[in-house]
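Reviewing the structure listed below.
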Amino acid sequence: MTTVHIFLISALLGAMVFFSAVVTPVAFKALNDIALRDFLRAVFPKLFSLGIIISLLSSSILCMNQQMALASLSLLVTLGFGLNRFWLTKKINYFRDQAGENVPNAEKQFKIFHRISVGIYLTQTVSLSAILILDPTLTF
C-alpha cells in the first residue's frame, strides 16, 4: 500500500496530459460546434470527478505513509478538481451559452472563468509532477 499512490498519481497525470495534448485538439478539429460542445460538456465533468477520486485517495495514502506535505499538496489538487467540477464548469457553460446568444459581457466572463479553470488545471499538473519528484519512496 505504501507506493499505490505513485501509480494513482502517475495514471491521473498521464490522463490529464493525454486529454490536453491529444483528445481536446482532435475534438476541436474533428467535431462540429454542437458535437464539440456536447462532447466537452460530457467529458470534462467525468475527468474532474475522476481527478477528485484519485487525488483524494492518494492524499489518504500519503497521510497513512506519514508524508503530510505531499498529502496536503494532493489535497489541494483535489480541491482544484472540486472547484472545476462543481463551480467553474457550470459558470463556463453558462457564459458560453450566453455568449452564443450575444449577451453583453458574456464572452468576457466566459474567458475569465475558462482561464481560471485552465490555470487550476496547469497548477494541478505541476503539483502532481512535484509529488512524484519529491516522493522519497520513488527512486529513479
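Here is how the numbers come out for the structure above:
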item: Between helix 106-134 and the chain: long-axis angle, C-alpha atoms, 0 to 90°, nearest 10; result: 20
item: Rel. contact order, % - alpha carbon contacts under 8 angstrom, at least six apart, the chain; result: 29
item: Ordering of 43-53, 29-39 by packing [mean C-beta count within 10 Å, highest first]; result: 43-53, 29-39
item: Additional length obtainable on full extension of the chain from Phe28 to Met64, 0.36 nm per residue less Cα span; result: 8.8 nm
item: Those lysines that a straight Cα-Cα span of less than 19 Å connects to Lys111, excepting residues fewer than 8 apart in one chain; result: Lys90, Lys91
item: Leading residue at positive end of dipole, the chain (Cβ point charges), from Phe7, Phe18, Val103; result: Val103
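Every number here is computed from the coordinates shown, using simple stated rules; none is lab data. Just so it is clear, the structure is predicted and the values come from calculations on it, not from any experiment. So basically every Cβ, Gly included, is an ideal-geometry build from the backbone, and we count neighbours across all protein chains shown.
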